[in-house]
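J.: So that we are looking at the same thing, I have put the structure below in structure tokens.
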Amino acid sequence: MKLNALKPVHINGAWVQKGQPVPADVAGYDYEAAARRGLIEEVDGGEIANLPTADQVSTPATSTAEADSDLQTALTEQRQEAERLSALLNETGAKVTNLTKERDDARARVTELRVEMEAAKADASALAEYREVVGELLPSDYPSRKILLDNGYYTVGTVAAATDDELNALDGIADKTLAAIRKVTPHAPAEGE
């Protein structure tokens with residue numbers, strides 16, 4: 001008899017995997033029951049029969065009990081493997097869900113950044129246009145800058161156009177401060193002045 005495993009079979013204390021040859025000379029193994037359960041087949045298509053031993057003939061229930069025990073063991077192991085794979089699948093699904101959310105959040109942030117970038121470009125364009133018309137604001141280290149800004153003198157051009165009397169009239173600007181301002185920005189009288 002030449003036997004082949006159709007499913008994993010526990011025989012003679014070891015597992016024989018599907019497609020592997022099954023030993024045909026294990027005393028006490030119920031080959032007929034294994035064939036009925038679809039665990040093994042005869043390669044040449046012949047009939048599968050148990051070995052003719054006195055032990056087997058006198059205690060057929062023992063062979064069935066062993067086969068049932070083997071089958072129960074295989075089912076338990078397969079159930080445990082299925083539970084492990086199910087847990088792994090759930091864990092992988094959770095990771096995929098998290099990665100999908102992170103990707104969607106990143107896409108939303110990229111969209112926000114694009115909108116902010118377009119707004120910044122518009123602001124930069126408007127500022128450049130403003131500077132072309134009005135000129136640069138007074139530098140941060142300009143003498144008495146806060147006083148000048150508070151009184152409407154925002155650019156070097158407006159300070160240059162102001163007379164000494166106009167600047168001297170501002171609260172907080174005296175002769176010494178006016179001299180420091182004029183050292184940086186001399187008076188530039190308007191045409192006809």
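The values are calculated or read from the model by the stated rules, or taken from the named source; none is laboratory data. Since this is a predicted model, take the numbers as computed values, not measurements. Heads up, the Cβs are rebuilt from the backbone with ideal geometry, glycines too, and the neighbour counts pull from every protein chain shown. Accessible surface is based on the protein model in full, side chains and every heavy atom, while ligands, DNA and RNA are left aside. Shrake-Rupley method; radii C 1.70, N 1.55, O 1.52, S 1.80 Å.
J.: To the nearest 20 debye, what charge dipole does the chain have about its Cα centre, counting +1 at the Cβ of each Lys and Arg and -1 at the Cβ of each Asp and Glu?
T.: 160 debye
J.: Okay, helix-only estimate at 222 nm for the chain: each DSSP H run of n ≥ 4 adds -39500 (n - 2.57), divide by all residues, round to 500 deg cm²/dmol; what do you get?
T.: Helices in the chain give a 222 nm mean residue ellipticity of -19500 deg cm²/dmol.
J.: For the chain, please report how many Lys pairs fall under 27 Å Cα to Cα, leaving out neighbours fewer than 8 apart on the same chain. Could the numbers behind the result be given before it?
T.: Values: LYS2/LYS18; LYS7/LYS18; LYS146/LYS176; LYS146/LYS183.
Qualifying lysine pairs in the chain: 4.
J.: Between (i) 1.09; (ii) 0.99; (iii) 1.84, which entry matches Rg/Rh (Cα atoms, Kirkwood Rh) as derived from the coordinates of this structure?
T.: Among (i) 1.09; (ii) 0.99; (iii) 1.84, the one calculated here is (iii).
J.: In addition: Mind ranking ARG109, ARG182 by accessible surface for me, highest first, 1.4 Å probe?
T.: ARG109, ARG182
J.: Quick one: helix 60-134 against the long Cα principal axis of the chain, what's the angle to the nearest 10°, folded into 0 to 90?
T.: The helix 60-134 is inclined about 10 degrees to the chain.
J.: Hey, what's the per residue convex hull volume over the C-alpha atoms of the stretch 115-158, in cubic angstrom?
T.: Output value, Cα hull per residue: 83 Å³.
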